[in-house]
Amino acid sequence: MSEPVLEVRNVTKTFRERGGKRFTALDDVSITVGERECVGVVGESGCGKSTLARIITRLILPDSGSVRFCGTEMTEVRGAQLRRAYRDMKMIFQEPRSSFDPRLTIGSSIRDALRPVVRGKKEQDEEIERLLHVVGLEKRFAEAYPRQMSGGECQRAAIARAIAQRPKLLICDEATSALDVSVQAQVVELLNGIRRETGISYLFISHDLALVSGFCDRTYVLCGGRVEEQGPTSRIIREPREEYTKRLLASVLTI
Amino acid sequence: MKRPDRRGTLPRRPVKGVMRVEAEKLLEVSALSVRYPGADTLTLRDVELTLHAGQITCVIGESGCGKSTLFHSILQLPGRVEITEGNVRFCGDDLQTMSKQRLRELRGSGIGVVFQEPGASLDPIRMIRRQFFEALHAHDAAVTRAQAEEKAEAILKTLEFPDPRRILNSCPAQLSGGMNQRVAIALAMAQEPDVLLCDEPTSALDVTVQAQIVGELLRLRDTFGTCILLITHNMGVVARMADRVAVMYGGRIVEYGPRDDVLYAPAHPYTKALMEAIPTLDGKPPKGIPGKRPDIFPEEGCAFAPRCQLASAACETCGMVRRKTGDDHWTLCPKEVKGVE
């Protein structure tokens, strides 16, 4: 088996609260994401999902543990090497509008992402058009500003920008949670299509177990900063082993 | 052993000054058309909805379909919406012709409200005990602090709060979002409303807390016989709670009926597509509805036609008349939806 795209090993992170108390956000967490794999991380607010995403993307450093991404130790790299690693790892956030510069058109935002990989304005223009087409947006959106777009359209544009550099890993932190159900389903369809075509790996962070069940190959259930349970998504849904997973499953309001 | 009379803790009383003409129909929305002040187009068109005592009615729809406008029209919040046609009646009285004074009395004691953001309706730095007193005192100047507290404690107990005393002596800022939402529900219920309006009460909360709130609202209905109007986009909540379901799209109620009929044998293409877009635990990926929602709701014809698989040219001029498809179940779509794949 080839080396996994992402390997998080024994990561621990604590934050200092007011009054000097320490709050453990992540406690000895290990996860792997293989090539072409879609991995879900599920948990409720405060379980450490977002801290995990921020450590993987090296927005913050863990207290201990390692994050290996395509052979790079993320906790140690900096400068040019880090920028190189960032080309292969992209993230999509919950609030699509706030991840775009409000003063730039969608086209210019995507162009910024394209610059290191595509040279020449004409080539960039063509690539922008192609990317917008991939995510199901019309050409005219290249001239649009984020505020002129709906949440769903904006999230599509964020996906277009994220895949512009053909990354190996896409981290989605509650990427569909702010969207309406029908739009959410559209975005999930889009992510699935991109996965089939490009073989990109996903780390799909969500609070919605039902959504993860239809999208991810393997799932980690996170609770209070610890991995409570992990395994193939279908197994976790059908035969949960841990009490917490059972409780989480029971509270999903099925239709 | 005699069963404790839970109703006894909070005696129901007739609404002040209103003879109950028909105990059954509490709130009636008929042929309601509404627009925002200054807007050219209507936001709600021909909305028809009746709420019966002891029943939970859910209005489902996605953002921008007019759910919240309906909410504002029922509350008659000044300056928010302009009713161009139709009316909203509470126990037979038209809310539009009611005096401001009477309307103020009605809000809270006749019609209670729970909003989406649990923190937003509570003062974050005032003890919950005081907020209960203020709410009750505003409607009845004779209420003393001790009485208000007693009542607050009783209702928190009914709602099975772990430690009512502690909650009453806390400020909302010290409590979690889920706990605050439960307090907001308790606060609304302390005024013994006949109708409880909830606008997305669970959307801002975690799934486990969501399930808890759903349980709480159901218990309220069973204990006090409160009539609940729940506005939500969460089909799971609807499936768990609703007696009647109204589906909204493009400013109209496109389908209305008993829960099981609407959810599991939908008679409108939008309801059907919406059901398929919902992620389920069986591992099937959700199916998106192509296209996007209309920004302006068309005056005539079906607003869903551009996204509908069954649509034909006739849909653009369709009369939008209610077609009965079953007992108390109607749809605006003239086409047969059942059985179509």
Base-10 log of normalised Debye intensity for region A:148-199 (one unit scatterer per alpha-carbon) at q = 0.20, 0.31 Å⁻¹:
-0.70, -1.40
Tell me, what HN-Hα J-couplings in whole Hz come from the Karplus equation 6.51 cos²θ - 1.76 cosθ + 1.60 at θ = phi - 60° for each residue of region B:185-194, using x for Gly and Pro?
5, 4, 5, 5, 6, 4, 8, 6, x, 7
Which FRET efficiency value, to the nearest 0.05, is calculated for A:Thr254 and A:Ser30 with the Förster distance at 30 angstrom and r the Cβ-Cβ distance?
0.45
Centroid-to-centroid separation of region A:177-255 and region B:67-117 [C-alpha atoms, Å]
41
Which residue, B:Leu229, B:Leu70, B:Leu103, tops the fluctuation ranking in a GNM of chain B built on C-alpha contacts under 10 Å?
B:Leu103
For region B:290-340, compute Rh as the Kirkwood radius over C-alpha pairs and then the Stokes-Einstein diffusion coefficient at 25 °C and 0.890 mPa s; write the answer in µm²/s, rounded to an integer.
204
Restricting to bridges with both residues inside the protein assembly as shown, how much of the DSSP beta-bridge set is antiparallel, in percent to the nearest 5?
55
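By count of other Cβ within 10 Å, fewest leading, how are B:Cys315, B:Cys302 ordered? Let's see the in-between values first.
On the way: B:Cys315 20, B:Cys302 28.
In increasing order of surrounding Cβ atoms, one gets B:Cys315, B:Cys302.
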Taking other Cβ within 10 Å of each residue's Cβ, how do B:Phe304, B:Phe161 sort, fewest first?
B:Phe161, B:Phe304
Simple Cβ-charge dipole of chain B, Lys/Arg +1 and Asp/Glu -1, about Cα centre, in debye nearest 20:
800
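Distance check, please: which entries in B:Lys292/B:Lys338; A:Lys13/A:Lys246; B:Lys287/B:Lys338 exceed 21 angstrom between their Cα atoms? If you can, show how the numbers build up before the last one.
Working: B:Lys292/B:Lys338 24 Å; A:Lys13/A:Lys246 26 Å; B:Lys287/B:Lys338 18 Å.
Check vs 21 Å cut-off fails for B:Lys292/B:Lys338; A:Lys13/A:Lys246.
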Springs between alpha-carbon atoms under 10 Å, Gaussian network over chain A: tell me which of A:Gly20, A:Gly48, A:Gly40 tops the mean-square fluctuations.
A:Gly20
Can you tell me the Rg and Dmax of region A:1-143, counting just the alpha carbons, in angstroms?
18.3, 57
Dipole-positive endmost among B:Thr325, B:Ile125, B:Gln55 within chain B (Cβ charges, Cα centre):
B:Ile125
Compute the orientation-averaged projected area for region A:6-250 from the convex hull of its Cα atoms and round it to one decimal in nm².
14.2
Given H placed on each backbone N at 1.01 Å, which residues far from B:Gly112 in sequence or on other chains put an amide H within less than 5 Å of it?
B:Asp194, B:Val195, B:Leu196, B:Leu197
Could you give P(r) for region B:23-107, binned at 5 Å from zero, as whole percent values over all Cα-Cα pairs?
3, 14, 25, 26, 20, 10, 3, 0
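Determine the shielding of peptide B:205-214 by partner chains: average, over its residues, the number of Cβ atoms on other chains within 10 angstrom of each Cβ. Provide the component values of the computation, followed by the final result.
Numbers: counts 2, 8, 14, 8, 3, 3, 6, 1, 0, 2.
Shielding by partners across B:205-214 averages 5.
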Helix by helix through chain A, keep the DSSP H runs that span 20 Å or more along the axis on Cα and average at least -1.0 on Kyte-Doolittle, and give those back in order.
A:181-198
Straight-line reach from B:Lys25: which aspartates and glutamates fall under 12 Å, measuring Cα to Cα and dropping same-chain residues less than 8 apart?
B:Asp93, B:Asp194
Please list the equivalent ellipsoid semi-axes of chain B, computed as the square roots of five times the alpha-carbon gyration tensor eigenvalues, in descending order and whole angstrom.
36, 23, 18
Applying the Karplus parametrisation 6.51 cos²θ - 1.76 cosθ + 1.60 with θ = phi - 60° to the phi angles of region B:140-152, what ³J(HN,Hα) value in whole Hz is obtained for each residue in order, glycine and proline being reported as x?
8, 5, 7, 5, 9, 4, 4, 5, 4, 5, 4, 5, 4
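What Kirkwood radius, in Å to one decimal, follows from the Cα pairs of region B:75-194?
Details: mean 1/r = 0.0648 Å⁻¹.
Averaging 1/r across every pair of different Cα atoms and inverting gives 15.4 Å.
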To the nearest 10 degrees, how steeply does helix B:100-109 sit against the main Cα axis of chain B, on a 0 to 90 scale?
80
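Enter the mean projected area of the convex hull around the alpha-carbon atoms of the protein assembly as shown, in nm², rounded to one decimal. Kindly include the intermediate steps, with their values, before the conclusion.
Working: hull surface 126.6 nm².
With every direction weighted equally, the projected area is 31.7 nm².
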Taking R0 as 56 Å, what FRET efficiency do you get between B:Met127 and B:Gln309 from their Cβ-Cβ distance, rounded to the nearest 0.05?
0.50
Separation of the B:Asp40 and A:Glu3 label points, Cα + 7 Å toward Cβ, nm:
6.2
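Once you average over the residues of B:269-276, how many Cβ atoms of partner chains fall within 10 Å of each Cβ?
Numbers: counts 0, 1, 0, 0, 3, 4, 2, 3.
For this peptide, the per-residue mean of nearby foreign Cβ atoms is 2.
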Order of A:Phe15, B:Phe297 - criterion: other Cβ atoms within 10 Å of each residue's Cβ, fewest first:
A:Phe15, B:Phe297
How crowded by other chains is A:202-213, given as the mean number of beta carbons from other chains within 10 Å of each beta carbon?
3
Which three extents, in angstrom, do the Cα atoms of region B:183-335 have along their principal axes, listed largest first?
52, 36, 30
Residues whose modelled amide H sits under 5 Å from the amide H of A:Met91, counting only those 5 or more places away in sequence or on another chain, are A:Ile171
Over region A:6-250, what is the relative contact order in whole percent, taking alpha-carbon pairs under 8 Å and six or more residues apart?
27
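Each value in this text was obtained by applying a stated rule to the coordinates, not by laboratory testing. Note that the coordinates shown come from a computational prediction; the quantities given were computed from them, not determined experimentally. So basically every Cβ, Gly included, is an ideal-geometry build from the backbone, and we count neighbours across all protein chains shown.
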